[in-house]
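Here's the structure, in structure tokens; my notes come after.
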Amino acid sequence: MTFFAWYSYDSSKVYARSDDKRIFMCPRRTVEPTLCEWSDFETFLMSEAERLATLFDKQGRLIDETVTGLPLEALKKLVQVH
């Protein structure tokens, strides 16, 4: 596994497996459960860039400081885990 990104809200990590082109998001201390999954790196990068861009105004300021920044799918699973 290669971990290459994380979310500052809760330190969830994003990683790739050497035998799989999919990209996975997992909680901070374990790789299970998978919180999100993307079909490949390009899909991950494009979808997260587009999603995160909606959280900021034209000056680059966060629109709502109460938003976690995590993908909604991951946030729902984290609530179930904790």
Enter the angle in degrees (range 0 to 90, nearest 10) between the Cα long axis of helix 41-53 and the first principal axis of the Cα atoms of the chain, meaning the one along which they spread out most.
-> 20 degrees
Report the label-to-label distance for LYS76 and ALA5 in nanometres (one decimal), using points 7 Å from each Cα along the Cα→Cβ vector.
-> 2.0 nm
Do you know the relative contact order of the chain, to the nearest whole percent, from alpha carbon pairs under 8 angstrom that are 6+ apart?
-> 21 percent
Under a Cβ-Cβ cut-off of 15 Å, what is the net charge of the residues other than ALA49 that fall near it, where Lys and Arg count +1 and Asp and Glu count -1?
-> -3
Sequence-distant lysines (8 or more away, or on other chains) whose Cα lies within less than 28 Å of LYS58 | LYS13
Over the chain, give the accessible area per residue in Å² for a 1.4 Å probe, as an integer.
-> 70 Å²
Amide proton proximity set for TRP6, modelled H, under 5 Å, gap of 5+ = VAL14
Of all the accessible heavy-atom surface of region 12-65, with the other protein chains kept in place and a 1.4 Å probe, what percent is carbon and sulfur?
-> 54 percent
For n ≥ 4 DSSP H runs only, could you compute -39500 (n - 2.57) per run for the chain, divide by its residues and tell me the 222 nm figure to the nearest 500?
-> -8500 deg cm²/dmol
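The values are calculated or read from the model by the stated rules, or taken from the named source; none is laboratory data. Note that the structure is predicted; figures quoted are calculated from it, not measured. As a convention, Cβ positions derive from the backbone with ideal geometry for all residues, glycine included, and neighbour counts pool all protein chains shown. Heavy atoms of the whole protein, side chains included, go into the accessibility calculation; ligands, DNA and RNA do not. Shrake-Rupley method; radii C 1.70, N 1.55, O 1.52, S 1.80 Å.
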